[in-house]
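Since the structure comes first, as structure tokens, the remarks are kept for the end.
Rule-based calculations on the coordinates, nothing more; no lab input. For clarity, every value in this text was computed on a predicted model and none was experimentally measured. Quick reminder, even Gly has a Cβ in these numbers, built from the backbone with ideal geometry, and neighbours come from all protein chains shown.
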Amino acid sequence: MRRFFASLIGRSIDGLVGMRDKRDAPAKYLSSTAKIEGWGLNFEIAPTLLLLDAEQYRLGVTGTLFEIGVHHGQTAILLALLARRGEQCVFLDLFDQQEENVDNSGRGDLRIFKENLAKWAPGVAAEIVVGNSLKVDFASIPALAAGIRFAHIDGGHLRDVVLNDLYKTEALLAPGGLIVIDDFMHSGFLGVNEACNQYLAEARDERLSAIAAGKNKLVLADRVHADRYKAALRSTLKPPFGKTVEFYEHSVVCLDAH
Ligand SMILES: C[S@@+](CC[C@H](N)C(=O)[O-])C[C@H]1O[C@@H](n2cnc3c(N)ncnc32)[C@H](O)[C@@H]1O
């Protein structure tokens, strides 16, 4: 597994996971054969997420890890394992309110998620929020109001829901924070792509910069550290990965082979 990661990103992952209490936990989880049902993670995108998390550590960026759209916890558990001492996690899903899951993207199951979380990330401070992201006031959740370090947006896949999730997350992003949006290039969920395009075209306060795209994700970062994150990605991605492409006047690192 380590060699596989290293071949993907061009260097050992030891340095990337070695700064938290259970340094092997993310790699162990990712290499586990006990697969958790879900769609947010795969061996191609995981090294990028670990790399960005490690760069946040180097930059001293701290805050809450947050996922919108949990399903059974495939990505949420990685986020839980990336939490450092003193950091919190918040996981938001409709869970038993599936009648509001209008695009039928997954089906959150609170019992299964709790079992998976207890098995893979015991003792991690995680707050589980049951609700519709359109109605939840993110700022009323203290762990989010304290500042979001790393967010994975993968809840409702319609344009207005994704825009809602993006703007509400952006508003609470910690300095140096990152937002990863799933299904950016999924032809079955074009609302996600539409929302990302609208968000970047509007660029209301220009706080965030698109830094990377590919493997079905778009990564946005606080502009303050955007160049550092991109440099970290470029230093590890080997051709044919890592090309720079222009997107809404942002220089974006291409995560796909090109
Ligand atoms: C694609 S799945 C999430 C997959 C998960 N991130 C993973 O890594 O496997 C989408 C999830 O979003 C939830 N969801 C859909 N619309 C939502 C909304 N408006 N607010 C909160 N959760 C929502 C669904 O219940 C479902 O569990």
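Whats the longest run of the chain with zero trypsin sites (Lys or Arg not before Pro) that are DSSP loop and have at most 11 other Cβ atoms within 10 Å?
Values: sites that count: LYS35, ARG85, LYS135, ARG204.
Result, exposed sites excluded: 136-203.
Between GLU246 and VAL224, how high is the FRET efficiency from 1/(1 + (r/R0)^6) when r is the Cβ-Cβ distance and R₀ = 22 Å? Nearest 0.05. Don't jump to the answer; show the numbers that get you there.
Numbers: r = 21 Å, r/R0 = 0.95.
Calculated value: 0.60.
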| task | Do me a favour and compute the ellipsoid semi-axes for segment 38-172 from its Cα gyration tensor, root of five times each eigenvalue, largest one first, whole Å. | result | 22, 17, 15
| note | Listed residues ALA54, ALA232, ALA151; largest mean-square fluctuation, Gaussian network over the chain with Cα springs below 10 Å, found at ALA232
| note | Rounded to the nearest 500, the 222 nm mean residue ellipticity computed for the chain from DSSP H runs (n ≥ 4, each -39500 (n - 2.57)) alone is -11000 deg cm²/dmol
| Spin-label model distance (nm) - ARG84 vs GLU115, 7 Å beyond Cα toward Cβ | 3.5
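Under a Cβ-only charge scheme (Lys and Arg +1, Asp and Glu -1), can you give me the dipole magnitude of segment 2-254 about the Cα centre, in debye to the nearest 20? Walk me through the numbers before you get to the answer.
Numbers: 29 positive and 32 negative charges, 272 e Å.
About 1300 debye.
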| request: Give the distance, in whole Å, between the Cα centre of segment 160-184 and the Cα centre of segment 138-154. | output: 9
| message | Quick check: from the Cα gyration tensor, does the chain come out rounded (a/c under 1.5), prolate or oblate? | response | rounded
| said: Need one number: nm distance between label points at GLU44 and ALA145, each 7 Å from Cα along Cα→Cβ, rounded to one decimal. | reply: 4.1
| query | Spin-label point model (7 Å from Cα, Cβ direction): what's the HIS186 to THR33 distance in nm? | reply | 2.8
| Selected from GLN56, GLN74, GLN97 as most flexible by GNM, with the chain as the system and alpha-carbon contacts under 10 Å | GLN97
| said: Quick check: the distance between the Cα centres of segment 41-77 and segment 101-115, to the nearest angstrom? | reply: 20
| When only C-alpha pairs under 8 Å and at least 6 residues apart count, what is the relative contact order of segment 159-202, in percent? | 49
| field | Reachable aspartates and glutamates from LYS28, criterion Cα separation under 19 angstrom, eight or more residues apart if same chain | value | ASP14, GLU37, GLU44, ASP53, GLU115
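Counting Lys +1, Arg +1, Asp -1, Glu -1, what net charge surrounds GLU67 among other residues with beta carbon under 10 Å of its beta carbon? Working shown, then result.
Details: positive: none; negative: ASP93, ASP154, ASP182.
So the environment of GLU67 carries a net charge of -3.
What longest region of the chain stays clear of GluC sites (Glu not before Pro) that DSSP places outside H, G, I, E and B and that have at most 16 other Cβ atoms within 10 Å? Don't skip to the answer; put the middle values down first.
On the way: sites that count: GLU37, GLU44, GLU206, GLU249.
After excluding every exposed loop site, the longest remaining stretch is 45-205.
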